[in-house]
Amino acid sequence: MGFKERLKELRSKKGLTQEQLAISLDIPESTIRRYESVDDSMPRRERLEKIADFFDVQTDYLTGRTNDPSPKKSEKEMSLFFYDGLEGYDDLSPEEKEAFREHMYDEARQAIELVKKLKKQGKRGGMYER
């Protein structure tokens, strides 16, 4: 089962029309129609995450990469041990904590991409040069 089938199934289980889902997700109804009718129509990552959050499933479930719909911890939720003892973290509001995690997630992704790029360039060991 691919994305279009999973989207239709989840929408139907919630008893929503395409129009109602579009309104809930704040996207055009024509986009929902396209997602449910075109085999290779796939939303970008941000929208895919928004849809997964709305239905409380994994993005991998939506895309057909797993048959387990149960939500797992978001990639953006780094292990709590990372924040233990981090001065000032506990003083942040929930919104500030979320903004912090978003920022740290983006920084970590950039670091991973840099390491991959340097590795492809033939740099070895832990001593990558910029």
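The values are calculated or read from the model by the stated rules, or taken from the named source; none is laboratory data. The structure displayed is predicted, hence computed values, not measured ones. Ideal geometry is used to build each Cβ from the backbone, glycine not excepted, and the neighbour counts take in all protein chains shown. Ligands, DNA and RNA are stripped out before the accessible areas are found, and what is left, the full protein with its side chains, is counted by its heavy atoms. Shrake-Rupley method; radii C 1.70, N 1.55, O 1.52, S 1.80 Å.
Here are the numbers for the structure shown:
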| item | result |
| --- | --- |
| Which numbered condition Q20 misses (of (1) at pLDDT 85 or above; (2) polar (S, T, N, Q); (3) open to solvent by less than 70 Å² (accessible area, probe 1.4 Å)) | (3) |
| Output for segment 55-84, where each listed residue is at pLDDT 80 or above and surrounded by 13 or more Cβ atoms within 10 Å (Cβ to Cβ) | F55, V57, Q58, T59, D60, Y61, L62, T63, G64, T66 |
| Single unsatisfied condition, Y35 versus (1) surrounded by 17 or more Cβ atoms within 10 Å (Cβ to Cβ); (2) in contact (Cβ under 8 Å) with a residue 24 or more places away in the chain; (3) under 20 Å from S70 (Cα atoms) | (3) |
| Some residue of segment 1-8 being hydrophobic (A, V, I, L, M, F, W, C), open to solvent by 30 Å² or more (accessible area, probe 1.4 Å) and in contact (Cβ under 8 Å) with a residue 40 or more places away in the chain | yes |
